[in-house]
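A.B. asks: First the structure, which I've put down as structure tokens, then a few questions once you've had a look.
The values are calculated or read from the model by the stated rules, or taken from the named source; none is laboratory data. As the structure is a prediction and not an experimental result, all values here were calculated from the model. Note that we place each Cβ from the backbone using ideal geometry, even for glycine, and neighbour counts take in every protein chain shown. Side chains are part of the model used for accessible areas, which takes the heavy atoms of the whole protein and leaves out ligands, DNA and RNA. Shrake-Rupley method; radii C 1.70, N 1.55, O 1.52, S 1.80 Å.
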Amino acid sequence: MTSYIEFEGKNIEQAVKKACGKIKIDKDKIRYKVISHGSTGIFGLVGRKKAKINVSVPEKKKPENKIDNKEAGKESFDNKESELRENNVQTGKEVLQKIIDSITEDAKITIVERSNKTIYNVVGGNTALLIGKKGKTLEAIQLIVEKVINKKNEKRSRTLVDIEGYMEKRNSYLKSLAKRLADKCKRFGKPMSLEEMNAHDRRIIHITLKSDKEVGTRSKGEGILRKIVIFPKKSSHQKKEIFQAKVEKEN
């Protein structure tokens, strides 16, 4: 007896690939009917529909050995996690390519996967236009790509868009800026404020000064862009002096 299973994908090819992997069958042997070819919509934000196919699956004999329920459950969960990540990465690439194609020509994307982050490296085209003044255009592109990827995800996927190594240079600048202002903060004993920054830039500042025992950092404001304040920490000696001064004043 033959049963049918429905599979989805960005396009028919991806849906077929997913079906082949799931039911363990060669691509040239799979039999399916197209339910929908799908559509990409506008930047993946509006009117997006997935391609759907109906795959015929011959009934197989049940294996004699029983599979442990916990093991099967873990395998199923891992497969879903892997599939979700793959879909997110592909979605991000498609949206990013559409955006950069609308700004410049001949720009290509390469992807670097890390344990907790997907990095999209853009090479070619007019890099000045893609980065924008003080990186504002790149910042907007980053925001759109993240929003599209995470709009239906319960678990947020961390992504980074880089234009020919710009972010590496930006990170070096931010680390240098953080240390320079921290030194000023220690020297004058006053808080130092930085301009409004996105989450990525703020994180660089926080991490750079995290191990510094003489200063602390905190974000100030609401929304996507927030200021960072670097403030001096009071040492135990300073606390003792303040306490003694308070006691003397009361007496």
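A.B. asks: Going through region 154-176 one residue at a time, which ones are of a type in the set (A, V, I, L, M, F, W, C), under 12 Å from the mean Cα position of the chain (by Cα) and farther than 18 Å from G124 by Cβ?
C.D. replies: L160
A.B. asks: Tell me which residues, restricted to region 212-234, are without any contact (Cβ under 8 Å) to a residue 24 or more places away in the chain, open to solvent by 100 Å² or more (accessible area, probe 1.4 Å) and over 22 Å from the mean Cα position of the chain (by Cα).
C.D. replies: Within region 212-234, K213, R218, K234 meet the criteria.
A.B. asks: Can you confirm whether G9 is within 30 Å of E139 (Cα to Cα), out of contact with any Pro (no Cβ under 6 Å at 6 or more places or on another chain) and at pLDDT below 75? Steps first, please.
C.D. replies: Numbers: within 30 Å of E139 (Cα to Cα): yes; out of contact with any Pro (no Cβ under 6 Å at 6 or more places or on another chain): yes; at pLDDT below 75: no.
The answer is no for G9.
A.B. asks: In addition: Please enumerate the residues belonging to region 148-161 that are surrounded by fewer than 18 Cβ atoms within 10 Å (Cβ to Cβ) and of a type in the set (A, V, I, L, M).
C.D. replies: Answer for region 148-161, where residues must be surrounded by fewer than 18 Cβ atoms within 10 Å (Cβ to Cβ) and of a type in the set (A, V, I, L, M): just L160.
A.B. asks: Would you check which residues across region 177-218 are among the β-branched types (V, I, T) and either farther than 9 Å from I230 by Cα or assigned to a helix (DSSP H, G or I) (or both) and list them?
C.D. replies: Passing the criteria: I204, I205, I207, T208.
A.B. asks: I'd like to know if region 129-147 contains one or more residues that are in a strand (DSSP E or B), within 29 Å of S102 (Cβ to Cβ) and open to solvent by 30 Å² or more (accessible area, probe 1.4 Å).
C.D. replies: No, that holds for no residue.
A.B. asks: Moving to a separate point now. If you take the residues of region 187-203 that are out of contact with any helix residue (DSSP H, G or I) (no Cβ under 7 Å at 6 or more places or on another chain) and among the charged types (D, E, K, R), which of them is surrounded by the most Cβ atoms within 10 Å (Cβ to Cβ)?
C.D. replies: R202
A.B. asks: Residues being free of Cβ contacts under 8 Å to residues at least 12 places away in the same chain and either under 22 Å from S157 (Cα atoms) or small (G, A, S) (or both): count how many of those fall in region 92-135.
C.D. replies: Here the count works out to 6.
A.B. asks: Please verify whether V16 is at pLDDT 75 or above, open to solvent by less than 40 Å² (accessible area, probe 1.4 Å) and out of contact with any Leu (no Cβ under 6 Å at 6 or more places or on another chain), treating the condition exactly as stated.
C.D. replies: yes
A.B. asks: Here is a check on your reading of the model: is H206 under 29 Å from the mean Cα position of the chain (by Cα), at pLDDT 90 or above, within 23 Å of T159 (Cβ to Cβ) and open to solvent by 40 Å² or more (accessible area, probe 1.4 Å)?
C.D. replies: The answer is yes for H206.
A.B. asks: Consider only pairs whose beta carbons are under 9 Å apart and that are at least six residues apart or on different chains; among these, list those whose first residue lies in region 11-39 and is among the charged types (D, E, K, R) and whose second residue is modelled with pLDDT under 80 and assigned to a helix (DSSP H, G or I).
C.D. replies: These pairs meet every condition: K18/E83; K22/N79.
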